Protein chains: 2
Amino acid sequence: MIRVGIFGYGNLGRGIENAIRQNPDMELVAVFTRRDPSTLTIGTDGVTVAHASDVADYKDKIDVMILCGGSATDLPVQTPELAKMFNVVDSFDTHAKIPEHFENVDNAAKEGSNVAMISVGWDPGMFSLNRLYASAVLPEGKDYTFWGKGVSQGHSDAIRRIEGVLDAKQYTIPVENALEAVRSSSEPELTTREKHTRECFVVAKEDADKARIEKEIKEMPNYFADYDTTVHFITMEELKRDHSGIPHGGFVIRTGKTGANKENNHVIEYSLKLDSNPEFTASVIVSFARAAYRLSVKGEYGCKTVFDIPPALLSIKSAEEIRKELL
Amino acid sequence: MIRVGIFGYGNLGRGIENAIRQNPDMELVAVFTRRDPSTLTIGTDGVTVAHASDVADYKDKIDVMILCGGSATDLPVQTPELAKMFNVVDSFDTHAKIPEHFENVDNAAKEGSNVAMISVGWDPGMFSLNRLYASAVLPEGKDYTFWGKGVSQGHSDAIRRIEGVLDAKQYTIPVENALEAVRSSSEPELTTREKHTRECFVVAKEDADKARIEKEIKEMPNYFADYDTTVHFITMEELKRDHSGIPHGGFVIRTGKTGANKENNHVIEYSLKLDSNPEFTASVIVSFARAAYRLSVKGEYGCKTVFDIPPALLSIKSAEEIRKELL
C-alpha cells in the first residue's frame, strides 16, 4: 500500500481523497490543515486530521504527500519545504514561474533524497504531455491549446471584486470556427479574441447600476478587454441552481506536415470534457503520486515533471498486463 | 548526430527517410534491402544502399536501426536478430503476439546490451499511450478505440484475392452515432457492427459477375461478415485518381466517473487524422528512435515499449526548454 498524505483540504484536497478510494493500492493516512484540526470533518472514516505545523511528525508514516495549496503563495513555499521531508506532488500552475519553482524544489528534494513532482494536473499536466508528444512526432507543424468550455476561477473572482456585484461565474468558451480552422491544417494565426469568448453570469445588488457593471467587466484589462464578452444578470437562485458546478476542459491540437514535398497533413487532437475540474486534476495527481513513489523506491530523487515519468509507472497494472491489454 | 539505419525500403522505409530529414540531430547512414542494392534508388543523396546480408558490417556505424518489415513474417525473425547487434525500433503490430515478441526481443537485446523498442507507431503506439494514461487517470471508466476513416491494407488485399477483381481499396469508417454515444459517458456496449462500417471501391474484370463479387465480399468471414459493408464498382482510372492515398486515423476515448458518489463524468479523447498512415507511423518511430539512442547512452538495455519511455527523451529540445515552452 502506498501511504498518502493530503496537505490542504479545499476542493482539490477533497478530490484527492475521493481519487484515492478509486486506487486500491493507496491509502489515505492523514490530512493536514492550517485550520484547527478539530473543526475539520473529512470524508473518510478513521483518517487522522492534523495541524499543518505537525507535519514533520509524519515523516516515516507517509510515502507521498500531495500538496493542495494555491500556486500564488502556498506552493512556492510549501513544496520546497515539504520536499525535504517527503516525496511530494503539487499542481503548480503559474506557467511563467515553472523554471524557478523547479529549481527551488529540485534543490530541496535532493537535500531530502525525495522525489518531488511539480505541475501535475491537466494544464500543466496532460495537456503538456500532449504538446510534447505531438511536437516530437511532427517537428514541422504548429501547436494550439484551447480551454473550455469551463469555469475560470480567476475571472469569476475578478468580476466579484466589482462594486455592486454579489456573486459571479465566468465561462471561457473556445470559438468553434477557430477550432475548425486549426483542424483544417491551415495553421492559422489566431488572435486572443479569435480563440475564446467569455460568458459571465452576474448577480448584482438590487440597486446596482448594471450598465456600469457590464461596462467595467467588458473593459477590464487582461481579463476581458481582449475578448468578446457576454454578460448576463441573473438572480442568486439561478446562479446556485444553474452554475454551481466547476466544469472545464479544452483541446490541444497539433497539425504538421510530412512527405518528400511536405504534401501530407496530419492532425493530432487531444481533448478533455470534465464535469469537475478539481476532481479530474486530483485524479491525474493521484496517478502521478504512484509514479513518484515507485521512482523513489528505485532510489531516484530530485524534482520531476510529467515529462520525466515513464507512463508505465502511472498504472496499477504490471508491465506484463499493460503490454498485453493496452499496447 | 544520431546515426540511423533503415532495414527494409517500402512505404514505411521511405517514410522514415523523410522523417529523418525533419530531425536535425539525426542522419541516415544506410538503407538495407533484400533486393539487389544496385537496383534501388533512394531519396537521399550520398547514403549507402547495402544488402541485408551485410548488415553486421555496420555494427559500429549505426546508433539505431529502424526495422521496416512486416509483422507477419519479417519482424518476428529480424527484430531479435538485429537487436543482438544494434539498438533497434520496430512497429510490430500483431497485438495478440506482442508478449511473445517482447520476450524474444528482450532476450536478444540483453545478449547484445542494446535497447530494442517494439510496437512503435500509432496503434500500437500513440493510441496505446493514450489508453494507458486515460485508464491510470480514470480508474473507474471504460475505453473505446475507433479506427478510420482510413484504408485497411489487409481488407483491400482480401478483396483483391476474389476471382474477377483487378484492384480494390477498402475504407474502415467509424460510426458517428457510436462515437456520440461514447462521448455522452453512457458507457454503451457496442457490437462490431455498431462501431465501424466498411466501404469498398472495386475494379472488376470486364466480364466479371459483379453481383457475385459483391456477395463474396459482404459474406467474407472475419473481414466483412460482421460489418455493414458498401461496395462500389469503379474504373481503374477512378481508383487511381480518387483512391491512391493511404489515409488513416481514429479515436481513443475513455469516459470515467469521479466524486464521492461518482456524480461527475469526464471524457478524455485522443484522435488522429492522417493523410499518410506510413509517414505518420514513421514520424512516431523516428522520435522513439531518439529515445532508444538516449537510453542506450545511459547504459540501459533490453526490450522497451512506448510505456517505458519518459516523454522528455522523445524531444530534440532540452529538459529546460520543454519545461519552459511546453509544460
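Only sites in a loop by DSSP and with at most 16 other Cβ atoms within 10 Å count here; which trypsin sites (Lys or Arg not before Pro) in region A:212-277 make the cut?
Numbers: sites: A:212, A:215, A:218, A:240, A:241, A:254, A:257, A:262, A:273; in loops: A:262.
Filter output for region A:212-277: A:262.
What is the antiparallel percent of DSSP beta bridges lying wholly in region B:1-136, to the nearest 5?
Restricted to region B:1-136, the bridges split so that about 5 percent are antiparallel.
With unit charges on the beta carbon (Lys/Arg positive, Asp/Glu negative), name the residue among A:282, A:272, A:296 whose Cα is farthest towards the positive pole of the charge dipole of region A:272-327.
Sorting the options by dipole projection puts first A:296.
Between chains B and A, what is the buried accessible area in Å², counting both sides, with a 1.4 Å probe and ligands, DNA and RNA left out, to the nearest 100? It would help to have the intermediate numbers written out before the result.
Values: alone 16290 and 16310 Å², together 27050 Å².
Heavy-atom accessible area buried at this interface is about 5600 Å².
Residues of region B:279-301 losing 40 Å² or more of accessible area relative to the isolated chain, 1.4 Å probe, heavy atoms only?
B:279, B:280, B:283
Relative to the Cα centre, what is the charge dipole magnitude of region A:110-224, using +1 at the beta carbon of each Lys and Arg, -1 at the beta carbon of each Asp and Glu, and rounding to the nearest 20 debye? Intermediate results must be reported in sequence, preceding the final value.
On the way: 16 positive and 19 negative charges, 27 e Å.
Once rounded to the nearest 20, the dipole reads 140 debye.
Which of B:109, B:211, B:289 moves the most in a Gaussian network model of chain B with Cα springs under 10 Å?
B:211
Mind checking the per residue accessible area of the protein assembly as shown for me, 1.4 Å probe, whole number of Å²?
Values: 27050 Å² over 654 residues.
Spelled out: the 1.4 Å probe surface of the protein assembly as shown, per residue, equals 41 Å².
Leaving out ligands, DNA and RNA, what percent of the accessible area of region A:1-157 is carbon and sulfur, probe 1.4 Å? Can you show the working numbers first?
Working: 2770 of 5920 Å².
Using a 1.4 Å probe with all protein chains present, region A:1-157 comes out at 47 percent carbon and sulfur.
For chain B, give the magnitude of the charge dipole about the Cα centre (Cβ charges: +1 Lys/Arg, -1 Asp/Glu; no others), in debye to the nearest 20.
Working: 38 positive and 49 negative charges, 103 e Å.
Computed about the Cα centre, the dipole is about 500 debye.
Provide the per-residue ³J(HN,Hα) series for region B:290-300, in order, calculated from phi with Karplus coefficients 6.51, -1.76, 1.60 and θ = phi - 60°, each as a whole number of Hz, with x at glycine and proline positions.
Values, residue by residue: 4, 5, 4, 4, 5, 5, 5, 4, 6, x, 7 Hz.
Quick one: what are the phi-derived ³J(HN,Hα) couplings along region B:62-70, Karplus 6.51/-1.76/1.60 with θ = phi - 60°, whole Hz, x for glycine and proline?
10, 7, 9, 9, 9, 8, 10, x, x
Counting alpha carbon pairs within less than 8 Å and at least 6 residues apart, what relative contact order, in whole percent, applies to region B:16-67?
Working: 39 pairs, mean separation 17.1, N = 52.
Relative CO of region B:16-67 lands at 33 percent.
Using +1 at the Cβ of each Lys and Arg and -1 at the Cβ of each Asp and Glu in chain B, identify which of B:91, B:120, B:138 lies farthest towards the dipole's positive end.
Looking along the dipole axis, the top candidate is B:138.
Mind listing the label-point distances from residue B:321 to the same position on all other copies, shortest first, one decimal in nm, points 7 Å along Cα→Cβ?
Label-point distances to the other copies, shortest first: 3.8 nm.
Could you work out the local net charge near residue B:125, counting Lys and Arg as +1, Asp and Glu as -1, over the other residues with Cβ closer than 12 Å to its Cβ? Could the numbers behind the result be given before it?
On the way: positive: B:131; negative: B:90, B:93, B:123.
Combined, the nearby Lys, Arg, Asp and Glu give -2.
If you count only protein heavy atoms and use a 1.4 Å probe, how large is the accessible surface of residue A:304, to the nearest 10 Å²?
In the full protein context, residue A:304 sits at about 30 Å².
Count neighbours as other Cβ atoms within 10 Å of each site's Cβ, and list the GluC sites (Glu not before Pro) in region A:197-275 that are DSSP loop with at most 12 such neighbours.
Passing both the DSSP loop test and the Cβ count: A:206, A:219, A:263.
Select from A:72, A:13, A:55 the residue farthest towards the positive end of the dipole of region A:1-119; place +1 on Cβ of Lys and Arg, -1 on Cβ of Asp and Glu, and compute about the Cα centre.
A:13
Give the long-range amide H neighbours of residue A:246: residues separated by 5 or more places, or on another chain, with amide H under 5 Å away, using H modelled in the peptide plane at 1.01 Å from N.
Here the answer is A:277, since their amide H atoms fall under 5 Å of that of residue A:246.
So which trypsin sites (Lys or Arg not before Pro) in region A:1-50 pass both tests, a DSSP loop state and at most 13 other Cβ atoms within 10 Å of the Cβ?
Working: sites: A:3, A:14, A:21, A:34, A:35; in loops: A:34, A:35.
Answer by residue number: A:34, A:35.
So which residue, out of B:67, B:239, B:12, gets the largest mean-square fluctuation from a GNM of chain B using Cα contacts under 10 Å as springs?
Ranking B:67, B:239, B:12 by mean-square fluctuation puts B:239 first.
Roughly how crowded by other chains is peptide B:314-322, in terms of the mean Cβ count from those chains within 10 Å of each of its Cβ atoms? Could you put the intermediate results ahead of the total?
Details: counts 6, 7, 3, 3, 0, 4, 2, 0, 8.
What the average comes to for B:314-322 is 4.
Quote the relative contact order of region A:91-250 in percent (integer), defining contacts as alpha-carbon pairs under 8 Å separated by 6+ residues. Provide the component values of the computation, followed by the final result.
Values: 206 pairs, mean separation 34.6, N = 160.
Across region A:91-250, relative contact order equals 22 percent.
When DSSP assigns beta bridges and you keep just the ones with both residues in chain A, what percent turn out antiparallel, to the nearest 5? All intermediate terms of the calculation are to be shown ahead of the outcome.
Values: 30 of 59 bridges.
Approximately 50 percent, going by the DSSP bridge assignments.
Just to confirm the numbers: residue A:36, label point 7 angstrom along the Cα-Cβ line, distances to the other copies in nm, shortest first?
Reported distances to equivalent positions: 9.4 nm.
Could you look at region A:223-296 and say what percent of its accessible area is carbon and sulfur, using a 1.4 Å probe and all protein chains?
Working: 1240 of 2680 Å².
C and S atoms contribute 46 percent here.
How much mean residue ellipticity at 222 nm does the protein assembly as shown get from its helices, if each DSSP H run of length 4 or more adds -39500 (n - 2.57) and you divide by all residues, to the nearest 500 deg cm²/dmol? Intermediate values should be presented prior to the final figure.
Numbers: 22 runs with 223 residues, N = 654.
So the calculated ellipticity at 222 nm is -10000 deg cm²/dmol.
Taking every DSSP beta bridge that has both residues in region A:64-222, what percent is antiparallel when rounded to the nearest 5?
70 percent
Would you kindly derive the ³J(HN,Hα) couplings of region A:265-278 from the backbone phi angles with the Karplus curve 6.51 cos²θ - 1.76 cosθ + 1.60 (θ = phi - 60°), listing them in order in whole Hz, with x for Gly and Pro?
9, 9, 10, 10, 10, 10, 9, 10, 9, 10, 5, 9, 4, x
For residue B:190, which inter-copy label distances result when the label point lies 7 Å beyond Cα on the Cα-to-Cβ vector, reported in nm to one decimal and in ascending order?
2.6
I need to check one value: relative contact order of region A:187-320, counting alpha carbon pairs closer than 8 Å and at least 6 residues apart, in percent. Mind dumping the intermediate values first?
Details: 118 pairs, mean separation 23.6, N = 134.
Reported relative contact order: 18 percent.
Count, for each residue of A:16-24, the Cβ atoms from other chains sitting within 10 Å of its Cβ, then give me the mean as a whole number. Let's see the in-between values first.
Working: counts 0, 1, 6, 5, 0, 4, 8, 3, 1.
So the per-residue partner count for this stretch is 3.
Counting only other chains, and only Cβ atoms inside 10 Å, what mean value do you get across the residues of B:222-234?
Averaged over the peptide's residues, the number is 0.
The values are calculated or read from the model by the stated rules, or taken from the named source; none is laboratory data. Fair warning: this is a prediction, and the values are worked out from it, not measured in the lab. Ideal geometry is used to build each Cβ from the backbone, glycine not excepted, and the neighbour counts take in all protein chains shown. Ligands, DNA and RNA are excluded from the accessible area calculation, which covers all protein heavy atoms including side chains. Shrake-Rupley method; radii C 1.70, N 1.55, O 1.52, S 1.80 Å.
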